[in-house]
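Following: one structure in structure tokens, then a few remarks.
Readers should treat all values here as calculations from the given coordinates under stated rules, not as data from a laboratory. The structure presented is a predicted model; accordingly, all values stated were derived computationally and were not measured. Reconstructed Cβ throughout: ideal geometry from the backbone, glycine too, with neighbour counts over all protein chains shown.
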Amino acid sequence: MSVDPERVLLHLCARAEWERSRRSGSHEPPSLAEVGFIHLSAPEQVHLPANRLFGGRDDLVLLVIDPERVSARVVWEPGVPSDPDGMLFPHLYGALPRDAVVDVRPYTPNADGVFTPPAFVTGFSDRSRPDQSR
């Protein structure tokens, strides 16, 4: 991976959704039209929305994003009330350019159907703070 691992952002989606997006120049999930942004996560927090929205699914991938290759605004904002106090999530206010995705990794739950932080997040700092806006 050619991106600083401390700056990586992730987007969680179905493998089939990503395959469709790969044929175009950008990824535009339904949330972009519905709420005006694409939900992203820092590596250490991606398991929270995965469990809330996709519990038990085994067809998911993590899009590993280099934020330096994204031209749209990324804003760190509160998630949902059940998220840990003060946790902020990155929201991308525009399409995700295909070339900003530097890696795609399968993301599957454990035997109990629960997602845990991906193995490659070991050593990541907690970046869920407002000073991460760009």
Open item on the list: How would Asp66, Asp103 line up from fewest to most surrounding beta-carbon atoms within 10 angstrom?
Closed with: Asp103, Asp66
Task: In order through the stretch 100-106: 3J(HN,Hα) via Karplus (6.51 cos²θ - 1.76 cosθ + 1.60), integer Hz, x for Gly, Pro - done: 7, 8, 9, 6, 10, 10, x
Task: Karplus (6.51, -1.76, 1.60) ³J(HN,Hα), θ = phi - 60°, over the stretch 51-65, in Hz, Gly and Pro reported as x - done: 5, 5, 9, 10, x, x, 6, 10, 10, 9, 10, 9, 8, 8, 10
Open item on the list: Under the rule of at least 5 residues apart or a separate chain, name every residue whose amide H is placed under 5 Å from the amide H of Phe89.
Closed with: Glu77, Gly79
Task: Top positive-direction residue, dipole computed over the stretch 9-109 with Cβ charges, set Ala16, Pro90, Ser31 - done: Ala16
Task: trypsin sites (Lys or Arg not before Pro) restricted to DSSP loop in the stretch 1-83 with at most 10 other C-beta within 10 Å - done: Arg23
TODO: About the Cα centre of the chain, how large is the charge dipole given +1 on each Lys and Arg Cβ and -1 on each Asp and Glu Cβ? Please answer in debye to the nearest 20.
DONE: 340
TODO: First check a/c for the chain, with a ≥ b ≥ c the square roots of the eigenvalues of its C-alpha gyration tensor; if it is under 1.5, answer rounded, and if not, answer prolate when a/b is larger than b/c or oblate otherwise.
DONE: rounded
